[in-house]
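One structure is given here, and the rest of the page talks about it.
The values are calculated or read from the model by the stated rules, or taken from the named source; none is laboratory data. Please read all numbers here as calculations on a predicted model, not as lab measurements. Don't worry about glycine lacking a Cβ; one is built from the backbone with ideal geometry, like all the others, and counts go over all protein chains shown.
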Amino acid sequence: MRISSVFLMVLFSLCAIAAAEETVQLRPYQRSLQLTGFTRAKAEVAIAGEVSGRCSNIHVDLGDTVPPSGVVAELDSTLVRLDLVKNNIAREQAGRQLLLEKKTLARYTTLMENKSAAQATFDEASLRADILELTLQDLVNEGARQKEMLDRHTLRGPPGWQVVERFVEEGAFVHQGEAVMRLGDFRQLLVSFMLSYEELDLLRTMETITFRFPELEVTAEARIHRVSPGFDVKSRKIPVDLIVSPQTFSPAVEPRGGLRVNLTIVGKEETGSFVVPMSALVSRYEAHWLVQADGRRKKVILLGTDAHGQEAIVTGRDLAAGESFLLFPAAAAAAPEQDQPQG
């Protein structure tokens, strides 16, 4: 039992000595701004019917991704298809009549050369052929219009986008211009902030803009997407959109709107202010000191702490960046002297 107690005392002494020798350097204080925003889709679009009709089929539901074909819904196109069949029959009839009239015109042309037919008869045959050509061309144009109308009964969206809202069900009648669903592009996420001119200038000078997702416990790099040339009248700040790609932080995270994002904008170094861990401070009756390795103390003024309360912001006379102080001065004071060998 006595041997175990002696071992613990020696171990405590060694730990205290090691802690007493650990030092930390003063770092210049940089004021930082903590901002919070929420993700949203890079872009959104409402899919509306260009024609009126009954919704016969819906291919995607809420949260689904638009397939490569882009088809999201279909309107009943029975009447348009019947008109298209009727047009094809009319074109076939006009084509056959035109072929017959051209043969008749060729025969009258030969008779005219032999002066065996009247000019009026030839002119009538030529006119019928011209009218049939115009009729056939009109039917071709009408067929193209009907194909375009048929295509407009199929509602399409950008492939890869997701359904944010769905407004109709199958069988419902959709009026021309009525929105069927709303799609969003969540392959990239936007986060909007309101910044002053000075804050925007600091943001632009940052080499790397880092987003922190506190609920997901992940970080991601972002970049400035667009900056409004105007400003908000109430806050007198500038709207700024930052963009982040979900693939940059985790493939397991679902890209969606409403994810909370923390952004830290670091300001310029403030002259005469420094940052040290709270454990480096020795405090007595609202007075504070930093302790050097040789035991000398320097009195400092505590200006505040960081957002997490782990670091102290201090100022004082004769302080310089890079200067070393004990990280655990309390441990140094409590460290026992080496035991003398007993005789």
Quick one: Phe231 ticks every box in (1) of a type outside the set (Gly, Ala, Ser); (2) surrounded by 12 or more Cβ atoms within 10 Å (Cβ to Cβ); (3) over 18 Å from Leu33 (Cα atoms); (4) at pLDDT 90 or above bar one, so which box is it?
-> (4)
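Does Ser273 satisfy being buried (at least 18 other Cβ atoms within 10 Å of the Cβ), at pLDDT below 90 and hydroxyl-bearing (Ser, Thr, Tyr)? Full working, then the answer.
Numbers: buried (at least 18 other Cβ atoms within 10 Å of the Cβ): yes; at pLDDT below 90: yes; hydroxyl-bearing (Ser, Thr, Tyr): yes.
So Ser273 passes the test.
For Leu242, state whether it is modelled with pLDDT of 85 or more and touching a helix residue (DSSP H, G or I) at 6+ places or on another chain (Cβ under 8 Å). So that I can check it myself, show each step before the final result.
Details: modelled with pLDDT of 85 or more: yes; touching a helix residue (DSSP H, G or I) at 6+ places or on another chain (Cβ under 8 Å): no.
Judged against the criteria, Leu242 is not a match.
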Single match in Ala117, Ala94 (criterion: of a type in the set (Gly, Ala, Ser), outside the structural domain of Leu327 (by TED's automatic domain parsing) and either modelled with pLDDT of 95 or more or part of a loop (DSSP other than H, G, I, E, B) (or both)) = Ala117
Would it be correct to say that Val168 is of a type in the set (Val, Ile, Thr), assigned by TED's automatic domain parsing to the domain that holds Leu62 and touching a Lys or Arg at 6+ places or on another chain (Cβ under 9 Å)?
-> no
Filter pass, Glu221 being surrounded by fewer than 18 Cβ atoms within 10 Å (Cβ to Cβ), among the charged types (D, E, K, R) and without any contact (Cβ under 8 Å) to a residue 40 or more places away in the chain | yes
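Which ones in segment 134-166 are in a helix (DSSP H, G or I) and on the phi > 0 side of the Ramachandran plot?
Here is the first cut: in segment 134-166, the ones in a helix (DSSP H, G or I) are 134-151.
Matches in segment 134-166: none.
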Those residues of segment 36-67 which are within 11 Å of Val163 (Cα to Cα), in a loop (DSSP other than H, G, I, E, B) and hydrophobic (A, V, I, L, M, F, W, C), in sequence order | Val60, Leu62, Val66
Matching residues in segment 223-245 - criterion: being among the hydrophobic types (A, V, I, L, M, F, W, C) and assigned to a loop (DSSP other than H, G, I, E, B) | Phe231, Val233
Quick one: would you say Ala293 is farther than 25 Å from Leu203 by Cβ, at pLDDT 80 or above and crowded, with 18+ Cβ neighbours inside 10 Å?
-> no
